[in-house]
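Participant: To start, I am sharing the structure in question, which I have written as structure tokens.
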Amino acid sequence: DVIVTIDKVVNATEDIAQSVKVKITDDDDPEPTVTLSTSVTSINENPAQTATITATLSTASGKDVTVNLGINGASTATAGLDYTTSGLQIVIPAGSLTGTITLTSENDSLDEFLETVLVDIVGVTNGLESGTQQVSVDILDDDPEPTVVLESSATDIAENGGTLTLTARLNAVSGRPVTVNLGFSGIAQGGGVDYSAAGQIVIPAGQLTATVVVTAIQDLL
């Protein structure tokens, strides 16, 4: 708005305080909206592959548009271990429609669940996010499942409360928990008759071993 008033009159008198108001209507285009896309929705862990993430404007702007990105907390892949990015900010120069970053997989030796990277727009300068934008990129694991061996701390135990330890051992650390279900046979009866033992060993992700204890039970026979 422009407000015009009379400051001074020569050879006349202002008829009370005078002012006029003029509104200047802007005819510039509104700020462009931004959408997000990815060149692929999955990449291999090994050999390393790259996904290109692109920010696209609805119309070219006379200003640089800055798109700030963030990794969503629901992502199951870990930055620096499972993938790297070329940055988390895209600057689209004035007059251009697009800008990009890259997301590249990192190889490791762990057998893992499917890992996903979720990329969001967290802020835009000189533009507006078009609704809620998010892209998803899966990282496909290439590592084999580990093998398991079973070890015993003893070959015989005393009937009166003797114990032995059964150890399940992996040949390589896994990124997933490994469950080893045990079966018992022979003359001795389980289930609290001649001995007691858990029927399952769970090796947590990132560990090589876990154990159960077998305990003999005294009887009069």
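The values are calculated or read from the model by the stated rules, or taken from the named source; none is laboratory data. No experiment lies behind these values; they were computed from the predicted model shown. Because the Cβ atoms are built from the backbone with ideal geometry, glycine has one as well, and the counts that use them run over all protein chains shown. When the accessible area is computed, the model is the full protein with side chains, heavy atoms only, and any ligands, DNA or RNA have been set aside. Shrake-Rupley method; radii C 1.70, N 1.55, O 1.52, S 1.80 Å.
Participant: Let me confirm something: among 193, 178, which residue is of a type outside the set (Asp, Glu), open to solvent by less than 40 Å² (accessible area, probe 1.4 Å) and either more than 45 Å from the chain's Cα centre (by Cα) or within 25 Å of residue 141 (Cα to Cα) (or both)?
Facilitator: Working: 193 fails: open to solvent by less than 40 Å² (accessible area, probe 1.4 Å).
None of the other options fit; the residue is 178.
Participant: Considering every residue within the stretch 65-76, establish whether at least one is of a type in the set (Ser, Thr, Tyr) and surrounded by 15 or more Cβ atoms within 10 Å (Cβ to Cβ). Even if it seems obvious, please write down each step before you answer.
Facilitator: Step one: of the stretch 65-76, the residues of a type in the set (Ser, Thr, Tyr) are 66, 75-76.
Subsequent filtering for residues that are surrounded by 15 or more Cβ atoms within 10 Å (Cβ to Cβ) retains 66, 75.
Checked the stretch 65-76: at least one residue is of a type in the set (Ser, Thr, Tyr) and surrounded by 15 or more Cβ atoms within 10 Å (Cβ to Cβ).
Participant: From the set of residues in the stretch 180-221 that are part of a strand (DSSP E or B) and free of Cβ contacts under 8 Å to residues at least 24 places away in the same chain, which is farthest from residue 108 (Cα to Cα)? Before the answer, list the steps.
Facilitator: Here is the first cut: in the stretch 180-221, the ones part of a strand (DSSP E or B) are 180-181, 195-196, 200-203, 209-216.
Next cut, free of Cβ contacts under 8 Å to residues at least 24 places away in the same chain only: 181, 195-196, 200.
On the way: 181: 28, 195: 42, 196: 40, 200: 28 Å.
Looking at residues that are part of a strand (DSSP E or B) and free of Cβ contacts under 8 Å to residues at least 24 places away in the same chain, I get 195.
Participant: Going by what's in this entry, would residue 43 be described as exposed (fewer than 11 other Cβ atoms within 10 Å of the Cβ) and in a strand (DSSP E or B)? Break it down into steps so the answer makes sense when it comes.
Facilitator: On the way: exposed (fewer than 11 other Cβ atoms within 10 Å of the Cβ): no; in a strand (DSSP E or B): yes.
It is false that residue 43 is exposed (fewer than 11 other Cβ atoms within 10 Å of the Cβ) and in a strand (DSSP E or B).
Participant: Which residue is farthest from residue 178 (Cα to Cα), if the candidates are limited to the stretch 110-132 and must be outside any strand (DSSP E or B) and open to solvent by 30 Å² or more (accessible area, probe 1.4 Å)?
Facilitator: Taking the stretch 110-132 first, the residues outside any strand (DSSP E or B) are 110-114, 126-127, 130-132.
Now drop any that are not open to solvent by 30 Å² or more (accessible area, probe 1.4 Å), which leaves 110, 113-114, 126, 130-132.
Numbers: 110: 12, 113: 12, 114: 16, 126: 50, 130: 43, 131: 42, 132: 38 Å.
The selected residue is 126.
Participant: Looking for something open to solvent by less than 40 Å² (accessible area, probe 1.4 Å), part of a loop (DSSP other than H, G, I, E, B) and closer than 30 Å to residue 73 by Cβ - is there at least one such residue anywhere in the stretch 135-144?
Facilitator: yes
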